[in-house]
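This report refers to the structure that appears directly beneath it.
Just so it is clear, none of the values below were taken in a lab; they were calculated from the coordinates. Since we're looking at a predicted model, the values are computed, not measured. Counting neighbours? That spans all protein chains shown, and the Cβs are built from the backbone with ideal geometry, glycine included.
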Amino acid sequence: MFWENQGRVPDTRCNHKRLAPFFILQVTHGHQQRMPAETFSTTTLLSILNSIAPFAMAEPWDNVGLMVGNPDQQVSGIMVALDPTEALIHEALSQNLNTILTHHPLIFHPLKTIPSNTPIGRMLKTALSHDLVIIACHSNLDLISEGVSNALAEKLGLHDTRPLTGLAPVTQGQGGFGKIGTLPIPMPSGQFLTHLLTALAAPGIQIAGRLPETIHTVALCGGSGSDLAETAWSMGAQVYITGEVKHSVTRWAEAADFCVIDAGHYPTENLVVPIFAEILKKSCATQGFTPTINITAQQNNPMQWVVLNGP
């Protein structure tokens, strides 16, 4: 487990036992198909994840890696989602998957007590009693080149993207928070807003500052990227899209005559879930593993929009 004062990568060098190849049942288009697979441990899974999104890249305030579970346990299948929730745990159990991989960590701050009648207490109790493993890739997934902001940039069709903040020593110049790029052709503001809402399947957005008549250069950061608004402005972006905007930043945008768009935390980050699952599937395959990797079908935006019609 990676607390703020540790920041170390799990030791994946330890030897782990591999069981002989066996057969699993995989459902394909409603039919059961027998196919060979080799089991692998949680420790091996952590090593594979570390090769995709190095845990050492995580921010000092973050908590990534193994949240709960036995590192030596064999992986029967993986459920991938944005958020760790009670519904997600039950969904994984219903599909006989003993490993859950989320973007947001189940344990973000150190716990002094774990009352079993609280949401976190219930989740930990259920996970431990059913031998579940829960793993998080949070800011390390934000920072890799194929991470959260890249998924958002690709969905919007941005070209020639680069990070708003770079991490050259760690990611060979490809990673960092946020992205800035250009649309294939400039869009009138109304068309761009429709494009954004459609891409995110979002019910609405909030805008601070002045929306340009025509938009070509776009900066963004999935999730809580309020602090990068000025960076986006200084790099020549015409609009900056993120998932949460602080009130002070909305006032700055107003004064700077710069457009900042709050498109919601969940809509701006959830796009990475299927991409991450596919990257994991391919990485496992290169190691000779073919685990069942499912994407949650039950998770949605926890925020709801209420709009009054009329005066």
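Counted residue by residue at 0.36 nm each, then reduced by the alpha carbon distance between them, the extension gain from Ser129 to Gln287 reaches 53.9 nm.
With θ taken as phi - 60° and the Karplus curve 6.51 cos²θ - 1.76 cosθ + 1.60 applied, the whole-hertz 3J(HN,Hα) list for segment 104-115 is 7, x, 5, 10, 9, 10, x, 9, 7, 9, 10, x Hz, x standing for glycine and proline.
Two decimals is fine: what is log10 I(q)/I(0) at q = 0.14, 0.18 Å⁻¹ for segment 145-263, from a Debye sum with one equal scatterer on every Cα and no solvent? After summing over all Cα pairs, the log10 values are -0.51, -0.86. If the chain linking Val307 and Gln191 were pulled fully straight, counting 0.36 nm for each residue of separation and taking away their Cα-Cα distance, it would gain 39.6 nm. Residues in segment 129-139 carry Karplus couplings, in order, of 6, 10, 6, 7, 10, 10, 10, 10, 10, 9, 5 Hz; the curve used is 6.51 cos²θ - 1.76 cosθ + 1.60 with θ = phi - 60°, and Gly or Pro positions show x. Proximity of backbone amide H atoms, modeled 1.01 Å from N, is registered between Glu59 and Ser139, Asn140 at under 5 Å, excluding neighbours fewer than 5 places apart on the same chain.
Each other residue within a Cβ distance under 12 Å of Gln299 adds +1 if Lys or Arg and -1 if Asp or Glu, for a net charge of -4. Count Lys and Arg as plus one, Asp and Glu as minus one, and take only other residues whose Cβ is under 15 Å from that of Thr113; the net charge is then +3.
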